[in-house]
Amino acid sequence: MEEGEDVVKALVWITAVVVAAVVLVTGGPAIAHHASGPFYDPEKRVEAVGTVTKFVFRNPHSFLYVDAANDAGETTAWEIEMGASVMMSRRGWTPETIRAGDQIKVVGQPSRAPGTTGMCCAELTKPDGSPIRP
């Protein structure tokens, strides 16, 4: 009987180790994805109207780069964090939806990092307010 109990205990222990390993491996990507709150200020809104310099359509996040004149008339280079290309593709977006040279208006949450001009969670429109659609 004791030998059988030892086998059962060993199987339970091995099963627990395997389950823990599976949870760590499959749960890691979900845990690693972050909310925007620590990086961008959801209480504030910033606006940039300017020219697209680059649209990087990739995973885990796409990025839009826009040169816009600030209040002093100087050019500010904005970096807009967007969603994953795989998710954007499901809504019809492609790497050609927005192109360098396009005029755009971007309104979103500013970066919390001092001295940066980034934003996320942005609404993208044409300068006249009409929507940009894939």
Among what's in segment 69-86 and is buried (at least 18 other Cβ atoms within 10 Å of the Cβ) and of a type in the set (A, V, I, L, M, F, W, C), pick the residue that is nearest to Pro114 (Cα to Cα).
Trp78
Of the residues in segment 78-133, those that are touching a residue at least 40 places away in the same chain (Cβ under 8 Å) and at positive phi come to Gly92, Gly101, Cys121
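This table checks each residue for (1) basic (Lys, Arg); (2) closer than 14 Å to Ser62 by Cα; (3) touching a helix residue (DSSP H, G or I) at 6+ places or on another chain (Cβ under 9 Å); (4) at pLDDT 95 or above.
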residue	(1), (2), (3), (4)
Ala77	no, no, no, yes
Val86	no, yes, no, yes
Ile98	no, yes, no, yes
Gly108	no, no, no, yes
Ala113	no, no, no, no
Leu124	no, yes, no, yes
Ile132	no, no, no, no
Which members of segment 36-67 meet the condition of being in contact (Cβ under 8 Å) with a residue 60 or more places away in the chain and part of a strand (DSSP E or B)?
Tyr40, Val46, Glu47, Ala48, Val49, Leu64
Against the condition farther than 21 Å from Gly129 by Cα, touching a Lys or Arg at 6+ places or on another chain (Cβ under 8 Å) and not aliphatic (A, V, I, L, M), how does Tyr40 come out, does it pass?
yes
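The values are calculated or read from the model by the stated rules, or taken from the named source; none is laboratory data. This one's a predicted model, so the numbers in the text were calculated from it and none came from an experiment. Cβ: placed from backbone, ideal geometry, glycine included. Neighbour counts: every protein chain shown.
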